[in-house]
Amino acid sequence: MPLTYTEIEQNKNTQILIFFLVVVLFYFFTALIVGSLVKGFFHLYVMEGRAGSPLLGLPGLIVSLMIALVAAAIHIGHSMRNAMARVRINLGADDIDPEDNYHRLFATIVDEVNVATGGRYKITPVIIPSVALNAFSMADRKGNALVGATEGLLAKLNRQQLQAVVAHEVAHVATGDSFQTTIGCSLFGIFAATAHAALHGARAGGRVRWTRRGKGAGAIVVFLFLLFLVLSVTQFFYGLIRFSLSRDRELRADAVAVRLTRDPISLSEALYKISRGWRGFGQIDKNFSTLFILNPAKEARDEREGFMDNLFSTHPPIRKRMKILAEMAHTDVAHIVHDVVSKARREEMAREIPPETEADQPKWMLRDDGQNWKGPFTISQAMVLGWLTPATWVKRFGGQAINETLGQALGQARDEPLLTPVFDSKLGGANISKFTCPTCNQKLVDEDYEGVPIHRCVFCDGTLVDRRKMTRISLRTEKGFNERLARLADLTQKNGEARRNDRAKPEPSPFNCPNCDHEMRRGFYTYQYLVEVDKCVRCTMVWFDKDELEIIQYLIEHSDSTA
Amino acid sequence: MIAIIILVILGAIVVAFIGVFNRFAHLRNEVKNAWAGIEVQLRRRHDLIPNLVETAKGYLKHEQTTLENVIKARQQAIDVSGIKDKMQAENMLTQSLRSLFAVAENYPNLKADKTMMSLQDELTSTENKVSFSRNNYNDWVTKLNRYIDSFPPNIVANFFHYEKADLFEIEDAAVREVPKVKF
């Protein structure tokens, strides 16, 4: 993509000069205040007010300036070296999970879009494990970059829309915006965010200590005051830095993104979808908002275009962005909104609904090694039977002929065409999981549930899921729910409410964890979703009996008013 | 006095010439680089196809001609050189792959095959990368061609016999066709 290299480099350098001036200003004032305090102290207590003035003279000012220059150079140098890693830790972004379909798709898209830039950058995809809808990018001087999306975004956008959002973020990387915002955030943003979080924590947790022990209260007040001071000073200087970052860079990135993908409509749709959801306000610190495609906080200022708004706001109005993109495609915003809504409705209709009963599935009686007839088994149950070979004798449960052309009632498994997938799966060998079902004592089967790898028992339909992957499952909406499940979910929740108090403490499960063989406890999934599940006390595994996983997903989706 | 003026003018011309010459060097290298980017993706596609055909062979016993077309188109795409011929060969390959996937739609077992699925995913991704790198290449080519057409760079271009580069275009009947509206 032809962007002049020198243009970008010059832009980078002026921006860093501005940052440097702000930081010098910060240290200059700090040095002035400290210097004045020291000199005033000296004047009052040591000289006892006999000679000189308590204020700093010209030499004092010059020394302060020197100190400020040195300190600023060290600060900027330090920030530039590892800004990206530190901001990333503050945002809590994880690496992608290579086993997860959605994560893999995201990584593929990042890879593809990077090709459009001529492959100039080394872009690592990362994920913020949050239900919010947002995306961000960061970059350092050497061309390493991070492009991140929230779990919510991966679940709610389709491939084209995700590609458009990624292109927007890659555009930031290509134009050098990301580098500037990353440095800007790391200069004061991290301190402000840390102080903000600490102050918040102290306010929430401190109150108890306060009343219990009167003695420590003074120290806490001093501590809080200092924290507040740090917060307001860093926030003020961070505000100065934000001035220098124009809100127009978002419009520019939109335009470059369209040049990368040639698809303005998808970007416009993605912006609309993100703007309608929760963008992470309260979870993503406001000091990092410049990194994101849309401001995590919904600020009235962002939607206005006065002189002050242009100066203070970090993001242009959403409707303006959508309008520009819509005009590129010779359509209008109303059309795009209409399309998004009707597409969502069509997707909702197309959700795959599991069948109501298993009764019409074919079943077989099988003769085991001891020549005893066992069964009836469904096809998925037959898949995990270790002793079933193509030579095993089988008959249909219900008396039909196993092979219509031959017309036999009894035959070997290799004669039954419907059983072929069993042996196919055994040949592949990838499907049988390493875990054993705690209730049936049979091997679990690895499955893909809305893109997340889970382990299911084909006999009792229980599932073993890693707790850390539950957010993704509850967010994604591939599978629909049949009426039986909806009724069951409502009933379970109602029952749970009646027993909420006597079952508040989890009790030991009758079995051990299939993963670490440690004790499991049976209790409510959370206090909001009153479904009893078995959680391992040691590792992160959760065992769901039949339907429990689907019930929880149903309850979460149907209590969710933000999405 | 006149000598000084002439010297100044000559100096300005030399400076301008150096500027134009360097700009040409930059643009031509970027075009070359972008073309190399396309070739990387095309080679990736060529490498994927034998596996794809091998996997599909077991299921598509009655569709030998479709498979043979794919193999033939791939071989041709590898053999040709020159941007224009390459473009044509690659478009042929795209067409033959498309008809292979259309045929595969009728074979549920093939569609459910894990290797086939992952190959198809990877091929889709590679196709996207081809189209993205093509965009990148075309952007640079347009920039170079516009520069060659403009004055005074066209003088320099004539002097050094710099030629316009070819755009990498899609020759796809389905994409090119203007939709017909009937009343």
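Pick from A:Gly152, A:Gly118: which is over 18 Å from the mean Cα position of the chain (by Cα) and of a type outside the set (D, E, K, R)?
Values: A:Gly152 fails: over 18 Å from the mean Cα position of the chain (by Cα).
Answer to the selection: A:Gly118.
Residues in the stretch A:91-146 that are polar (S, T, N, Q) and in contact with an Asp or Glu (Cβ under 7 Å, 6 or more places away or on another chain) were compared, and the one that is farthest from the other protein chains (Cβ to nearest Cβ) is A:Ser130.
Residue by residue, here is whether (1) farther than 21 Å from B:Ser133 by Cα; (2) surrounded by fewer than 18 Cβ atoms within 10 Å (Cβ to Cβ) holds:
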residue	(1), (2)
B:Arg43	no, yes
B:Thr55	yes, no
B:Lys61	yes, yes
B:Thr65	yes, yes
B:Val70	yes, no
B:Ser81	no, yes
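Of the residues A:Asp302, A:Asp332, which is crowded, with 18+ Cβ neighbours inside 10 Å and either of a type outside the set (Gly, Ala, Ser) or out of contact with any strand residue (DSSP E or B) (no Cβ under 8 Å at 6 or more places or on another chain) (or both)? Give the steps one after another, and end with the answer.
Values: A:Asp332 fails: crowded, with 18+ Cβ neighbours inside 10 Å.
So the residue among A:Asp302, A:Asp332 that is crowded, with 18+ Cβ neighbours inside 10 Å and either of a type outside the set (Gly, Ala, Ser) or out of contact with any strand residue (DSSP E or B) (no Cβ under 8 Å at 6 or more places or on another chain) (or both) is A:Asp302.
Go through A:Val452, A:Val465, A:Val422 for me and flag whichever is more than 14 Å from chain B (Cβ to nearest Cβ) and at pLDDT below 75. The match here is A:Val422.
With the condition being among the β-branched types (Val, Ile, Thr), I'd like the strands (runs of 3 or more DSSP E) fully within the stretch A:112-182 carrying at least 1 qualifying residues.
Numbers: elements: A:122-128, A:135-139, A:144-150.
Counting at least 1 such residues, we get A:122-128, A:144-150.
Elements of the type helices (runs of 4 or more DSSP H) sitting completely within the stretch A:192-281 and holding at least 3 residues that are more than 30 Å from A:Val131 (Cβ to Cβ), more than 14 Å from chain B (Cβ to nearest Cβ) and at pLDDT below 75: these cover A:217-244. How about the stretch B:84-139: which of its residues are away from chain A (no Cβ under 14 Å) and among the polar types (S, T, N, Q)? Those that are away from chain A (no Cβ under 14 Å) and among the polar types (S, T, N, Q): B:Gln88, B:Asn91, B:Thr94, B:Gln95, B:Ser96, B:Ser99, B:Asn106. List the residue pairs whose Cβ atoms are under 6 Å apart, where the first residue sits in the stretch A:382-410 and is over 24 Å from A:Asn441 (Cα atoms), the second is loosely packed, with under 15 Cβ neighbours inside 10 Å and modelled with pLDDT of 75 or more, and the two are 6 or more positions apart or on different chains. Short answer, once both residue conditions are applied: A:Lys395/A:Leu410.
In the stretch B:140-167, which residues are in contact (Cβ under 8 Å) with a residue 24 or more places away in the chain, within 14 Å of chain A (Cβ to nearest Cβ) and not aliphatic (A, V, I, L, M)? Hits for the stretch B:140-167 are B:Trp140, B:Thr142, B:Lys143, B:Tyr147. Taken over the stretch A:311-342, the residue count meeting the criterion of being part of a helix (DSSP H, G or I), touching a residue at least 12 places away in the same chain (Cβ under 8 Å) and within 30 Å of the chain's Cα centre (by Cα) is 14.
Condition check: in a loop (DSSP other than H, G, I, E, B), free of Cβ contacts under 8 Å to residues at least 40 places away in the same chain and under 30 Å from A:Asp547 (Cα atoms). Does A:Gln371 satisfy that?
Answer is no for this residue.
Evaluation of B:Leu10 against the conditions (1) free of Cβ contacts under 8 Å to residues at least 24 places away in the same chain; (2) within 13 Å of chain A (Cβ to nearest Cβ); (3) farther than 25 Å from B:Arg146 by Cα shows that the sole unmet condition is (2).
When the test is whether a residue is farther than 30 Å from B:Arg98 by Cβ, at pLDDT 85 or above and acidic (Asp, Glu), B:Asp139 does not pass it.
The values are calculated or read from the model by the stated rules, or taken from the named source; none is laboratory data. Please read all numbers here as calculations on a predicted model, not as lab measurements. Every residue, glycine among them, receives a Cβ derived from its backbone with ideal geometry; neighbour counts consider all protein chains shown.
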